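Notes for the one structure printed next.
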Amino acid sequence: MRSLVLCDNAEPEKVIALCRKYHLGIEIQGFYDPNTTEDAEELIAVYEGLLPKEIEKHFHAPFWDLCLGSSNRKIVEITRYYFDYAYEIAEKLGAMSITVHEGFIPFTSYPEGWIRRATVFWKEFFETHPGNIQMYMENQVETDPETLIGTVDSLENSRLGVNLDIGHAHCVSGLPVLKWIEKLEGRIRYVHLHQNYGKRDEHLGLREGNMPIREILDALNEYSPDAIWALEPNRPEDIEDSILFLRECGYLK
């Protein structure tokens with residue numbers, strides 16, 4: 001059956017209760033703001049006190065204003081600083097994977113150059129982080145998956161994959177989500193599932209919005225059958241309803 005985790009949206013107590021109720025894993029999102037470095041130890045202690053040892057754990061790294069393939073070396077240095085920071089915390093909390101945002105902004109850089117720089121970034125990162133934690137690049141404002149594909153294929157490292165955020169693709173890209181899935185295929189190793197109406201990133205439950213969600217779920221199952229799914233609606237009640245929706249669709253017991 002499908003591997004499913006719940007994104008905590010920096011509300012770990014409420015979401016951990018759902019994880020316990022439905023025997024599901026969690027994506028730790030309390031550190032997504034780069035400013036959490038100022039009180040990281042306190043936040044780590046909060047999560048250590050709340051997280052059940054037995055559940056599957058994943059981690060979302062800080063992402064605001066970070067660009068791993070930037071042509072500005074100072075931007076790359078600060079991005080690397082926050083990725084190192086995320087890796088250290090993910091190890092402490094026992095996470096299996098880390099999601100980072102790719103950071104590519106269309107029309108600000110030639111894709112070919114971006115892919116070259118991103119490949120160098122990841123080679124250096126993995127050389128200094130030889131553990132087993134998987135790294136997933138998430139789309140946010142990209143209009144197509146080409147830089148994600150180019151970087152993953154150039155690196156050829158099994159520890160790097162794509163986190164396809166279907167909500168971001170739907171409200172930002174002119175390319176339908178189904179086409180993203182077809183193009184990315186097995187490079188998709190992790191998926192953020194939530195809905196919107198194509199205008200803004202609303203993070204609604206799966207019964208709302210105007211994405212053809214059942215077709216999308218079927219396509220994900222076909223093209224990336226081993227990908228982990230992570231429910232990311234904003235409200236805990238919408239997360240729970242989306243769990244029930246996935247059950248009705250036959251993707252969960």
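The values are calculated or read from the model by the stated rules, or taken from the named source; none is laboratory data. None of these values were measured; they are calculated from a predicted model. Counting neighbours? That spans all protein chains shown, and the Cβs are built from the backbone with ideal geometry, glycine included. Note: accessible area is taken over every heavy atom of the protein model, side chains too, but ligands, DNA and RNA are not part of it. Shrake-Rupley method; radii C 1.70, N 1.55, O 1.52, S 1.80 Å.
Every pair of different Cα atoms in the chain enters the Kirkwood calculation, which places the hydrodynamic radius at 18.3 Å. Stokes-Einstein diffusion for the range 1-65 at 37 °C, viscosity 0.692 mPa s, with a Kirkwood radius from C-alpha pairs, works out to 268 µm²/s.
Volume of the convex hull of the range 44-155 (Cα atoms only), normalised per residue: 109 Å³. For Glu127 and Glu112 in one chain, what is 0.36 nm times their gap in residues minus the Cα-Cα distance, to one decimal in nm? Separation in residues times 0.36 nm, less the Cα-Cα distance, equals 3.1 nm.
For the range 106-253, the Cβ-based charge dipole about the Cα centre amounts to some 140 debye (Lys, Arg positive; Asp, Glu negative; other atoms uncharged). Amide H contacts for Tyr197 (H built 1.01 Å from N in the peptide plane; partners 5 or more residues away or on another chain; cut-off under 5 Å): Glu202, Asn210.
Considering only Val46, Ile149, Phe31, and ranking their Cα positions along the charge dipole of the chain that arises from unit charges at the beta-carbon of Lys, Arg, Asp and Glu, the one farthest toward the positive end is Ile149.
Compared with the rule-of-thumb size 2.2 N^0.38 Å for a compact globular protein, the range 33-108 has a Cα radius of gyration ratio of 1.22.
Within the accessible area of the range 134-253, the carbon and sulfur atoms contribute 44%, probe 1.4 Å, all protein chains present. Across the chain, C-alpha contacts under 8 Å between residues 6 or more apart give a mean separation that, scaled by the residue count, equals a relative contact order of 17 percent. The distance from the alpha carbon centre of the range 27-89 to that of the range 110-156 is 18 Å, rounded to a whole number.
Each of Cys249 and Ser71 was given a label point 7 Å from its Cα along the Cα-to-Cβ line. The distance between the two points is 4.0 nm. Neighbours of Val15 by Cβ distance under 13 Å: Lys/Arg scored +1, Asp/Glu scored -1, total -3.
Residue ranges 26-32, 111-117 sort as 26-32, 111-117 when ordered by packing (mean number of other C-beta atoms within 10 Å per residue, highest first). Using every Cα-Cα pair within the range 107-253, state what percent have a distance larger than 26 Å. Of the Cα pairs, 27 percent sit more than 26 Å apart. Here the alpha carbons of the range 33-73 define both size measures, Rg and Dmax, at 14.2, 42 Å.
For the chain, the solvent-accessible area of protein heavy atoms averages 46 Å² per residue (probe radius 1.4 Å; ligands and nucleic acids excluded).
Among the GluC sites (Glu not before Pro) in the range 127-211, those located in a DSSP loop and surrounded by at most 14 other Cβ atoms within 10 Å of their own Cβ are Glu156.
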